[in-house]
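What follows is a single structure, written as structure tokens, with notes after it.
The values are calculated or read from the model by the stated rules, or taken from the named source; none is laboratory data. This structure is a prediction, so every number in the text was calculated from the model and none was measured. No Cβ is skipped: glycine too gets one built from the backbone with ideal geometry, and neighbour counts run over all protein chains shown. In case anyone asks, the SASA skips ligands and DNA or RNA and just uses the protein heavy atoms, side chains included. Shrake-Rupley method; radii C 1.70, N 1.55, O 1.52, S 1.80 Å.
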Amino acid sequence: MRLFIFLSFFFLLQKSSAQKQPLTYYLPDIKYDPAIPTPEQLFGFQIGEWHLSHDQLLSYYRLLDLASERVTLHEYARSHEQRPLIYLTITSGENHLNLQSIQREHALLCDPAQSGKLDISKMPVVIYQGFSIHGNEPSGANAAPLVAYYLAAGQSDEVKNLVSNSVVIFDPAFNPDGLQRFSSWVNMHKNQHLTDDSADREYNEAWPGGRTNHYWFDLNRDWLPGQQPESIGRIETFQAWKPNILTDHHEMGSHSTFFFMPGIQSRVNPLTPKMNQELTFKIGEYHAAALDEIGSLYYTEESYDDFYYGKGSTFPDAQGCIGILFEQASSRGHLRKTENGPLSFPFTIRNQVATALSTQKAAIAMRTELLEYQRDFYKNALEAARRDGRKAFIVGEKYDRARLLRFVEMVKRQDIQVFELAAKTHIGLTGFEPGRAFVIPLEQPQRNLILGMFQRDTAFTDSIFYDISAWTMPLAFNLEYELVSGKDFSKNLLGKAVGKVELPTGNVLADTTDYAFAFEWDEYYAPAALFHILKSGIRAKVASKPFIGKIDGGQRSFNYGSIVIPTQNQNKPSAQLLGILKEAAALGHLDIYGLTSGLTAQGIDIGSNAMEPLSLPRVLLVVGEGINPYDAGEVWHLLDTRYGMPVVKVQADQLDGDLLNRFNVVVLPGGAYNQLGHDPLRNWLNAGGTLIALESAVKWLDGKSLANVAYKKQNDIEGAAKQRPYDMAPLDNGAKELTGAIFEGKLDLTHPLAYGYRREVLPVFRSSNEFLEPAISSYAMPLYYAGEPLLSGYMHKDFDKIAPGSAAIIVSGQGRGKVICLADNTNFRAFWYGTNKLLANAIFFGKTISSEAVEGSRKK
């Protein structure tokens, strides 16, 4: 151990700077156990002199795990870049000896059948403290070693009482990949003599910056959907411990001060109990006292809200826990000139330390109150469920098992019970079948979170949202669902409780003598199967019309978009071909059928010209300055992790003709394309390329005459100005922003971009004030918005005039090429499974769209 400390000190020793502060600048001046090393003893410099990398942080927590009986380290996940995500369990040595029983008893507080028997008078409170979920908001993660040291080594009566009466789940770096990226940037640009000029390169990260994880996702929007490995592990930890308080340490703009919850009260999710906010206010008094003591400026009840349950500070509010957001003005590096004077990195760290400690102080002082609230929360939820006429949700999907099972997996991740549907049933006009539907009863402890997942509001007390206004999960997955009322509900609907969710294995129901092979395009992972087939050099075609094929022992219907692989003229022996198809079936989680004849029982024959030949897509994704990294990352993540497709990411200013000619598909995510030359792109399109543009990229194409689209004029919705008070301007303007709602789209199910869909109605995520005029010809507009488009969320009344009937997709031509304009984000936050196939169809089938269809896209 001494050798380890010595070597770490030797290699990490740095020159002292004006930033160096004594330990007492950050922590109370109390007695500390000398056997527990300080962060400075390991790193060779004081916290705040340099930005700590994730590997440095990890080394310190491993050291604490070895040195302190109060600390145990747990690895709960790995990031995409294989960095360990860890949390420390910090409590007294005596509590550590009984930790499993403490955890088990605490979890029973959330079980109304058991919680009344518990004596909470001596039960520890559970505090979940998390830091820097945005990697370029580093003061939290850099404060964490100091807070951990205080808990591990502090010898005051206050600290001893704290660790005896609490269990701290200490998550010191929510986003290891982003934090590593950012720390490298600021450290490599640091001066020995610090500059506070914001123009310095230190304060201006290269794209995409360190905020996000490896695939450029904002992890602080993923607590509810849980699509990233960091989130999946964190959710499991949360559900295992059921904390009483969860804190989330962030940063904000440099010219701000410090924010702590409560947020704007008119924007609290209506499912959150009033007592939650009352306790938040009470805890806030401890933060105020801590910041008053060190003279730091701060504010509450402004800027931030508690509405979207996918954020770290709101997610707990639906689960008997108090979520608290901290936002510290960011130094963005080591020293920054601001409107409030010089802002140093150590100062930002000190505020985070102060509020981490004030959280602990509040938790101990309010221990029984918090435990009682948690017990009452779940008890009240179950009692409300028994009184409520709403009894369950049934969710089903007849044609796509994988997408339905991914939804069930997401729900179960949140400690929610899900059951198989036991018998065929109709609710309203919707029919559900066993094996293709599941039941989620509301009479269970997580009732409030279930309602939050299915929340479908269109009327609100406030018209401004910090994040999205709708996330109705079954709509996001494009699933059929119904609310079951008391008159329709029977426990006979409940089949077996769902255990571990496993996707279908996929099979080839054929042999080497078959005439051809075919599979339908309905399954979510069908693009992964097709890409594997094409990558393996196998010729495949897509059916542009339905047919009934002859299979061994009978016949089977194949819908629009079914994939057909002829046996004839393949460059692989029949046994090898069959092996490749088995691999494809496994990757696609689908069944591939052998066709025994080229003559079909009905519809087009296998040799028909309506069987369109397919090419291996070679995809270039344009990235870089001006482009939204979230949008780009969502495309990259979808193609790479779900479809198994390599994606070449190229900066806009690097695109030229020679590079473009190596690809047949180019994707433009939302963003500004000031650095992209349009002439090489036009030439590439004329030669037959497929260009796919999403969201604001469509407007750039329009301005360069690369797409035949037109935008509805905003002055169509503006009337005469009304006299309003000056201080209402931000609210009035904010109310007109469409920040994230769910619209009803209408699909042409015969169009190549709609292959794999069975219902004309498609829920679409919408977050733009710009609306496209409909195409002159419906052939060029496979998706448009319904007459009353709002399914869920907020839309300003002004959009009632321009949203209905506007185009969601327009396809136009450019020479021999196709330009596919997707007005919305089809891949939103990786949980919008329902529209992912629109992008897949554009990639695989865009070239098959007929020239007659695109001629009608020209502007009016």
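For the range 342-369, a residue qualifies if it is open to solvent by 20 Å² or more (accessible area, probe 1.4 Å) and over 30 Å from Lys122 (Cα atoms), and the qualifying residues are Pro342, Ser344, Phe347, Arg350.
Residues are listed down the side, and each one gets a yes or a no for (1) buried (at least 18 other Cβ atoms within 10 Å of the Cβ); (2) assigned to a loop (DSSP other than H, G, I, E, B):
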position: Ala385; (1), (2): yes, no
position: Ala392; (1), (2): yes, no
position: Met410; (1), (2): yes, no
position: Gly435; (1), (2): no, yes
position: Leu449; (1), (2): yes, no
position: Arg456; (1), (2): no, yes
position: Ile468; (1), (2): yes, yes
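Candidates in the range 164-197 are the residues that are open to solvent by less than 10 Å² (accessible area, probe 1.4 Å) and part of a helix (DSSP H, G or I); of these, the one that is nearest to Tyr128 (Cα to Cα) is Pro176. Pairing each residue of the range 616-632 that is open to solvent by 10 Å² or more (accessible area, probe 1.4 Å) with any residue that is modelled with pLDDT under 95 and not aromatic (Phe, Trp, Tyr), provided the two are 6+ apart or on different chains, yields C-beta distances under 7 Å for Glu625/Gln675; Gly626/Ala672; Gly626/Asn674; Gly626/Gln675.
Summed over the range 583-613, the residues that are in contact with a strand residue (DSSP E or B) (Cβ under 6 Å, 6 or more places away or on another chain) and either assigned to a loop (DSSP other than H, G, I, E, B) or closer than 30 Å to Glu695 by Cβ (or both) give a count of 8.
Hey, any hits in the range 593-605 for a residue that's closer than 24 Å to Lys837 by Cβ and of a type outside the set (A, V, I, L, M)? Checking the range 593-605: at least one residue is closer than 24 Å to Lys837 by Cβ and of a type outside the set (A, V, I, L, M).
The set of residues from the range 396-408 being open to solvent by 10 Å² or more (accessible area, probe 1.4 Å) and either of a type in the set (A, V, I, L, M) or within 20 Å of Leu442 (Cβ to Cβ) (or both) comprises just one member, Leu405.
When Asn276 is tested against the conditions (1) within 29 Å of the chain's Cα centre (by Cα); (2) at pLDDT 95 or above; (3) not in a helix (DSSP H, G or I), the lone failure is (3).
Can Ile235 be described as open to solvent by less than 10 Å² (accessible area, probe 1.4 Å) and either within 26 Å of Pro28 (Cα to Cα) or modelled with pLDDT under 95 (or both)? Judged against the criteria, Ile235 is not a match. Residues in the range 296-314: is at least one in contact (Cβ under 8 Å) with a residue 60 or more places away in the chain, outside any loop (DSSP other than H, G, I, E, B) and not acidic (Asp, Glu)? So far as the range 296-314 goes, no, none of its residues is in contact (Cβ under 8 Å) with a residue 60 or more places away in the chain, outside any loop (DSSP other than H, G, I, E, B) and not acidic (Asp, Glu). The set of residues in the range 674-691 that are at pLDDT 95 or above, on the phi < 0 side of the Ramachandran plot and in contact with a strand residue (DSSP E or B) (Cβ under 9 Å, 6 or more places away or on another chain) comprises Leu681, Arg682, Trp684, Leu685, Asn686, Ala687, Gly689, Thr690, Leu691. Just one of the listed residues (Ile580, Ile533) is open to solvent by less than 20 Å² (accessible area, probe 1.4 Å), part of a helix (DSSP H, G or I), of a type in the set (Val, Ile, Thr) and touching a Ser or Thr at 6+ places or on another chain (Cβ under 9 Å), namely Ile580.
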